[in-house]
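Here is the structure we will look at.
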Amino acid sequence: MPESFPDLEPVLQRHGRQADGLIEVLNHGQELYGYLGEPLLRHIARELRLPFSRVQGTASFYHLFRFTPPLRHSCLVCTGTACHVKGAGALLAVLAGEPLAERGIELGSVRCVGTCSGAPLVVVDGAVWNLQTSTALLAGLRRLEP
Amino acid sequence: MSLCLRVCTAASCRSRGGEDLRQALAAVAGSSTVVKGVGCLGPCSEGPLLELETASGVGHPERQLFGNLPASDPAALAALARSLRACAENPKAPAPWQPPAGQALDLNHPFFRLQRRLVLKHCGRIDPESITEALAAGIYQQLQRVLEANDPAAVIELVRRSGLRGRGGAGYPTGLKWATVAKMPGHEKVVVCNADEGDPGAFMDRTVLEGDPHTLLEGMAIAAHAVGASRGFIYVRAEYPLAIARLRQAIHQAEQQGWLGTAIAGSRFNFEIALRVGAGAYVCGEETALIQSIEGKRGMPRPRPPYPAEQGVFGLPTLINNVETFANVPALLRLGVEAYGGGTKVFSLTGDVLRTGVIEVPMGTNLRTIVETMGGGAPQGRTIKAVQTGGPSGGCVPAQQLDTPVTYESLQALGTIMGSGGMVVMDDTTNMVDIARFFMAFSREESCGKCVPCRAGTVQLDNLLCRILERRANPADLEQLESLCVMVMDTSLCGLGQSAPKPVLSTLRHFRGDYLAMLSPEATP
Amino acid sequence: MSVCTLRIDERDVAIEAGSTLLQAAREAGIAIPTLCVLEGLSPVAACRLCLVEVSGSEKLLPACITPVQEGMQVHTATPRLQEIRRTVIELLFTEGNHVCAICVANGHCELQDLAVEVGMDHSRLPYRFPDRHVDLSHPLFGLDHNRCVLCTRCVRVCDEVEGAHVWDVGWRGEHCRIIAGLDEPWGAVDACTHCGKCVEVCPTGALFHKGDTSEEKHSDPGRLQALVHARHHRQWTP
Ligand SMILES: Cc1cc2nc3c(=O)[nH]c(=O)nc-3n(C[C@H](O)[C@H](O)[C@H](O)COP(=O)(O)O)c2cc1C
Ligand code: SF4
Ligand code: FES
Ligand code: FES
């Protein structure tokens, strides 16, 4: 994590450095730097003139904000209703037994991405993989660059 | 022969290669052939989808729909493009055209025939990224009319008389809400569109946002004019990147063309819309939490009153409606109360059903019609056990009750709710205790943690349901489950906690046998 | 000043319009259990202990924020409400690790008093034994998360009265936790003025003076009211 954040300036300006822009600024900060490290959070708090605990309290409330650097790949298993009914649990169970982190894959879950016709599905590095089976999913993940 | 090729590039078809398909077919475009990406065409399970409209110059254009088209195989895509080009270049091509791969879908199938598309009128027809097409299709004309007539009270009265009710879940009368906000003193008011669509298994709003964003903007502007607001927000969940991109683009286009901003369409009406992207919190769909989140805070609900109409975003009187509610407004104004009739409801049909996707049906259509006639019923060899509506705030309708019409009242009588429109079909292999536990785990995870009954109660309920699933529970545990459900429902601060027990109570009511079969009388905790 | 008359548990009460049901009940000498509310701080209606029944309303209403209305008929102690209150207390006890015998606040704890008041001698719900931490990094005070009931009085007093906003609530749902600064050790947060107001308003032994051992903590939320009153009205009672 760098110590200065010049790329954040346009977003801060767009929101007039007002407190109500906090979530937008956090979203952009995470997009730019991958995660919300302590220096970045301190910077945002100072720029928006907010107490640190208010910034941390807000950021930690939302699922999508993260405080540690992401691994190279992400695999989100959808655990929405349709995917659950169609067997998301089995996918998760299989993945839990795999040494994914060693291969640079971060396992997570998401509650429905709104394309339930492909259930059960996973989102790998932002791309939706529809109609997954344990074997297909494991094979697909194996093909990811380590 | 002139051709119009519409390729669905909404999220579902896109995940099946819809965008690759569109790009491959772009090569076919020529003087008489148009190729465009459009919003959802309906039967998502058959994606990627292509609609072919042929106009031979005489009579009505012919529409054909094709599904399961090739998407990733370059050779198959090239063959498809060749075949379409041949069709375009042949003045008297043998109709109907047959794709070399994929299959034709019957547009006379009840899935299409029984729909009434008001909200989704333009979805799947126009290119959602083009305001030119939106304008050509008549979008913004109702706003123009409203601004010319400049009679906000008449618009509110029309909405009230239509009987339109909120599509976000609670079903509150829209006209009444508008009238309340309009009556509030002060010059500064806010209109908020709730596009958080958090119910898992629901994607009606995504369909509108991706397929026809301008109709939403038009509906919001009409509402803003009616209640006297000059600022608007759309709060959309981060899990919908395509919808966010299209909304951003649509807002920008509308500003450029003078349909948003100052002195809209030459009138004295000013209205600007800002997009707010969520960050993954289901409870932010609850209106008071939504307000907090727009203000950049933790999405913690607060007690009502005061209602958002009195004290909303930045303390200003605020009108909050769902995407589909706003998208109904232009259609209502265009048709008038009479022709609009009972209106429609958009549903996303998913789960153990042959055809899944998005449909818009007249309000009051039978569940059986939707699930069996339109959706084709359960997969081969299975039967339907239940249909879940209303997501984590709703319940399950058992197969015996499928002849229920979908109205706010009839679903409520069955212990569920209309909800926002997610409809998940479950077949006879489903254990309803598992479904109840699924939703309780969801509510437990999404509880904001502010009030005790929801924060700690959902954990205890979830643990109890797990015990039952693991066959470690006795009849006394079942009693405790029921009484704690009632307590959490009665005492929680906001709608999340108040309805979190509903999936449990609903399955207990209709599928008690599933629970009893998993109890072991000797079990001690 | 306009006055509302209402009936609470068969007693007639007349009180200034704009007052809450809780104030009206206190005026009439009727005790309603409360936890999150504290006069002088903004109300949050989060603990749900003060819920009452009002004739004509299907919903239970939190007395701490519901304004009185002319002719209201209020019931504060029906069997249904008593059952609810007991369950709320059980939920609180099972959610944390409350071991009264070794607690600094033993004998002076609002949670303990409430348990007695609602007749909770044991919990019908299973204890969850969460893994929580104790923060002893501050030179004067300590924070034992095991005893925290998330009433957020400390958060509010620090923000609304002291103006330092050291505290906030972090995370969410069952993972909610009071945090200082960027979720740092309390002692590392520069914003803290060491005023001790948070310790003063804490209803349990979660926030305490470092020297205190078992049974030695005596909170005095009343001092807060005197302070807020003095500031607001420019009147002191030395
Ligand atoms: C926990 C919870 C989640 C909600 N989620 C949504 C949502 O995702 N979208 C929505 O439009 N309404 C949602 N609502 C309903 C809103 O609070 C509000 O009633 C609605 O947006 C009002 O719009 P309408 O009158 O047009 O339906 C939710 C309510 C609760 C209690
Ligand atoms: S009911 Fe649940 S989500 Fe709503 S305020 Fe209470 S804890 Fe938060
Ligand atoms: S449930 Fe998985 S995409 Fe909707
Ligand atoms: S005292 Fe009223 S809800 Fe806590």
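The values are calculated or read from the model by the stated rules, or taken from the named source; none is laboratory data. Values in this document were obtained by computation on a predicted structure and should not be read as measured data. Using ideal geometry, Cβ is built from the backbone for each residue, glycine included, and neighbour counts are taken over all protein chains shown. Please note that ligands, DNA and RNA were not included when accessible areas were found on the heavy atoms of the full protein model with its side chains. Shrake-Rupley method; radii C 1.70, N 1.55, O 1.52, S 1.80 Å.
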Is one or more of the residues making up the stretch B:28-39 open to solvent by 60 Å² or more (accessible area, probe 1.4 Å) and without any contact (Cβ under 8 Å) to a residue 40 or more places away in the chain? yes
Six or more apart or on different chains, Cβ atoms under 6 Å: show the pairs whose first residue is in the stretch B:448-463 and aliphatic (A, V, I, L, M) and whose second is within 16 Å of ligand 1 (Cβ to nearest atom). B:V459/B:R444; B:L461/B:M440
Checking A:A139 against (1) of a type outside the set (K, R); (2) assigned to a helix (DSSP H, G or I); (3) under 29 Å from A:Y33 (Cα atoms), which test does it fail? (3)
For the stretch C:171-178, does any single residue satisfy the condition of being under 19 Å from B:P453 (Cα atoms) and part of a strand (DSSP E or B)? yes
Looking only at the stretch B:55-71, count how many residues are at pLDDT 85 or above and of a type in the set (S, T, N, Q). 2
Does B:F233 satisfy being more than 16 Å from ligand 2 (Cβ to nearest atom), of a type in the set (F, W, Y) and within 14 Å of chain A (Cβ to nearest Cβ)? yes
State whether the residues of the stretch A:4-26 include one that is over 18 Å from the mean Cα position of the chain (by Cα) and under 30 Å from A:P146 (Cβ atoms). yes
The number of residues in the stretch B:441-450 that are in a loop (DSSP other than H, G, I, E, B) and either more than 7 Å from every other protein chain (Cβ to nearest Cβ) or open to solvent by less than 10 Å² (accessible area, probe 1.4 Å) (or both) is 2
Considering residues that are away from ligand 4 (no atom under 16 Å from the Cβ), in a loop (DSSP other than H, G, I, E, B) and open to solvent by less than 40 Å² (accessible area, probe 1.4 Å), the number found within the stretch B:281-305 is 6
Matching residues in the stretch B:489-500 (more than 8 Å from ligand 2 (Cβ to nearest atom) and closer than 22 Å to B:L290 by Cα) number 3
Which condition number in (1) within 18 Å of the chain's Cα centre (by Cα); (2) closer than 22 Å to B:P200 by Cα; (3) facing chain B (nearest Cβ under 8 Å) is the one that A:S74 fails? (3)
Criterion (surrounded by fewer than 23 Cβ atoms within 10 Å (Cβ to Cβ), within 16 Å of ligand 2 (Cβ to nearest atom) and in the same structural domain as B:Y140 (by TED's automatic domain parsing)) met by exactly one of B:A179, B:A170: B:A170
If you check B:E210 against the conditions, is it modelled with pLDDT of 95 or more, more than 19 Å from B:L332 (Cα to Cα) and charged (D, E, K, R)? yes
If we scan the stretch C:129-151, do we find a residue that is touching a Ser or Thr at 6+ places or on another chain (Cβ under 8 Å), in contact (Cβ under 8 Å) with a residue 60 or more places away in the chain and open to solvent by 20 Å² or more (accessible area, probe 1.4 Å)? no
Kindly establish whether B:R16 is away from chain A (no Cβ under 14 Å) and crowded, with 23+ Cβ neighbours inside 10 Å. no
Of the numbered conditions (1) part of a helix (DSSP H, G or I); (2) in contact (Cβ under 8 Å) with a residue 12 or more places away in the chain; (3) assigned by TED's automatic domain parsing to the domain that holds A:G16, A:A90 fails exactly one; give the number of that condition. (3)
Could you tell me how many of the residues in the stretch B:461-480 are of a type in the set (D, E, K, R) and under 19 Å from C:G173 (Cα atoms)? 1
Can you work out which of the residues in the stretch C:85-117 that are open to solvent by 50 Å² or more (accessible area, probe 1.4 Å) and free of Cβ contacts under 8 Å to residues at least 60 places away in the same chain is nearest to B:V459 (Cα to Cα)? C:V99
Candidate set from the stretch B:295-314 (those that are more than 23 Å from the chain's Cα centre (by Cα) and within 12 Å of chain A (Cβ to nearest Cβ)); member that is farthest from ligand 3 (Cβ to nearest atom): B:F314
Specify the residue that is farthest from ligand 3 (Cβ to nearest atom); the eligible residues are those in the stretch B:122-174 that are among the charged types (D, E, K, R) and closer than 27 Å to B:F347 by Cα. B:R161
Can you find even one residue in the stretch B:204-211 that is open to solvent by less than 10 Å² (accessible area, probe 1.4 Å), small (G, A, S) and away from ligand 1 (no atom under 12 Å from the Cβ)? yes
Going through the stretch A:100-124 one residue at a time, which ones are within 27 Å of B:L349 (Cα to Cα), part of a loop (DSSP other than H, G, I, E, B) and more than 16 Å from ligand 2 (Cβ to nearest atom)? A:C112, A:V113, A:G114, A:T115, A:A119, A:P120, A:L121
Would you pick out the residues in the stretch B:354-388 that are assigned to a strand (DSSP E or B) and within 11 Å of chain A (Cβ to nearest Cβ)? B:G357, B:V358, B:K385, B:A386, B:Q388
Of all residues in the stretch B:464-476 being within 11 Å of chain C (Cβ to nearest Cβ) and either touching a helix residue (DSSP H, G or I) at 6+ places or on another chain (Cβ under 9 Å) or in contact (Cβ under 8 Å) with a residue 24 or more places away in the chain (or both), which is surrounded by the most Cβ atoms within 10 Å (Cβ to Cβ)? B:L464
Scanning the stretch C:33-78 for residues that are without any contact (Cβ under 8 Å) to a residue 24 or more places away in the chain, within 15 Å of ligand 2 (Cβ to nearest atom) and charged (D, E, K, R) gives C:K59
Which number in (1) within 14 Å of the chain's Cα centre (by Cα); (2) more than 8 Å from chain B (Cβ to nearest Cβ) marks the one condition that A:R49 misses? (1)
From the list A:G97, A:G16, pick out the single residue that is open to solvent by less than 50 Å² (accessible area, probe 1.4 Å) and of a type outside the set (D, E, K, R). A:G16
Residues in the stretch C:4-15 that are surrounded by fewer than 18 Cβ atoms within 10 Å (Cβ to Cβ), over 24 Å from the mean Cα position of the chain (by Cα), modelled with pLDDT of 95 or more and not small (G, A, S) total 4
Being in a loop (DSSP other than H, G, I, E, B) and more than 14 Å from chain A (Cβ to nearest Cβ) narrows C:V149, C:V199 down to just C:V149
Of the residues C:P33, C:P62, C:P79, which single one is more than 9 Å from chain B (Cβ to nearest Cβ), open to solvent by less than 50 Å² (accessible area, probe 1.4 Å) and modelled with pLDDT of 95 or more? C:P33
